[in-house]
Amino acid sequence: MAGEDRAAARKPYLAGGAEFAALYNVKRLQVSQWISRDQTLGYRYSKIISGSPYWLLQFVKGFGETTPRPKHLNEAELARLVKEQDPGYWVGEVDQLPPLVGQTELVALFGLPSTALLRKAVTTGRLRPSDYTLSGSPIWLLESVVEDAPALQQGARTVDWSLDEGVLAALRAGTYDGPGARIIPRGPAAKQDK
């Protein structure tokens with residue numbers, strides 16, 4: 001792995017549900033309620049990764065000013081989140097994001113039977129640590145993982161670690177529709193969809 005390349009990698013500023021809530025000093029459930037009530041929030045300014053939404057921090061930062069009752073942004077939390085993600089950059093539209101993947105997409109990309117093998121590759125240093133940890137979930141820049149694939153393949157004993165070219169092409173093109181590409185309703189919302 002090229003540690004220098006990873007250290008220099010720039011990534012877009014993002015916020016998961018937990019970070020969104022912290023930026024407005026509310027519980028995470030409140031963000032979910034905002035989504036269901038407000039079409040402005042929705043998922044238009046988010047990327048779904050491993051079944052969860054990750055919003056553009058640019059959008060989250062201005063969200064409080066777009067609501068009928070303005071919400072106060074926690075500037076200290078914003079500064080902390082930006083510092084945590086540096087070196088980074090601001091993105092205004094979801095289609096400007098580079099391909100991003102979570103554990104679910106990586107399991108599909110490598111054809112793994114579970115996330116356990118993926119987590120082991122990270123803990124043993126065979127796969128680079130995630131580029132982000134947002135709302136407790138790891139997220140990688142896709143191209144960083146692709147760079148690591150040859151080393152994973154060389155060190156493999158029982159797992160092939162070959163890239164599924166179809167999944168890779170779809171992730172790069174933004175057309176991936178496999179596991180992790182959608183939010184699966186849970187609880188009462190799941191019952192309403194049936």
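Brief remarks follow.
- The value given for region 141-182 is a Kirkwood hydrodynamic radius of 11.4 Å, derived from the mean inverse Cα-Cα separation.
- Calculated translational diffusion coefficient of region 92-134 (25 °C, 0.890 mPa s; Stokes-Einstein with Kirkwood radius over alpha-carbon pairs) equals 211 µm²/s.
- Convex hull volume of the C-alpha atoms in the chain, normalised per residue: 130 Å³.
- Estimated 222 nm signal from helices in the chain, with DSSP H stretches of n ≥ 4 weighted -39500 (n - 2.57), rounded to 500: -12500 deg cm²/dmol
- By the equivalent-ellipsoid construction on the alpha carbon gyration tensor, region 83-194 comes out with semi-axes of 24, 19, 15 Å, ordered largest to smallest.
- Extension gain, residue 29-residue 89: 0.36 nm per intervening residue step, less the Cα-Cα distance, totals 18.8 nm.
- Lys/Arg +1, Asp/Glu -1 at C-beta; the chain dipole; positive extreme among 22, 137, 43: 22
- Computed over all pairs of different Cα atoms, the Kirkwood value for the hydrodynamic radius of region 12-101 is 13.2 Å.
- Distance between the 7 Å Cα→Cβ label points at residue 96 and residue 183: 2.3 nm.
- Relative packing of peptides 103-110, 82-89, 28-35, 135-142 - highest average C-beta neighbours within 10 Å first: 103-110, 135-142, 28-35, 82-89
- Straight-distance crosslink candidates among aspartates and glutamates, where the alpha carbon sits under 15 Å from residue 47 and sequence neighbours closer than 8 are dropped: 19, 93, 95, 105, 177
No lab work stands behind these numbers, since they all come straight from the coordinates. Given the structure is predicted, the values throughout are model-derived calculations rather than measurements. A quick note on method: Cβ atoms are made from the backbone with ideal geometry, for glycine too, and the neighbour counts reach across all protein chains shown.
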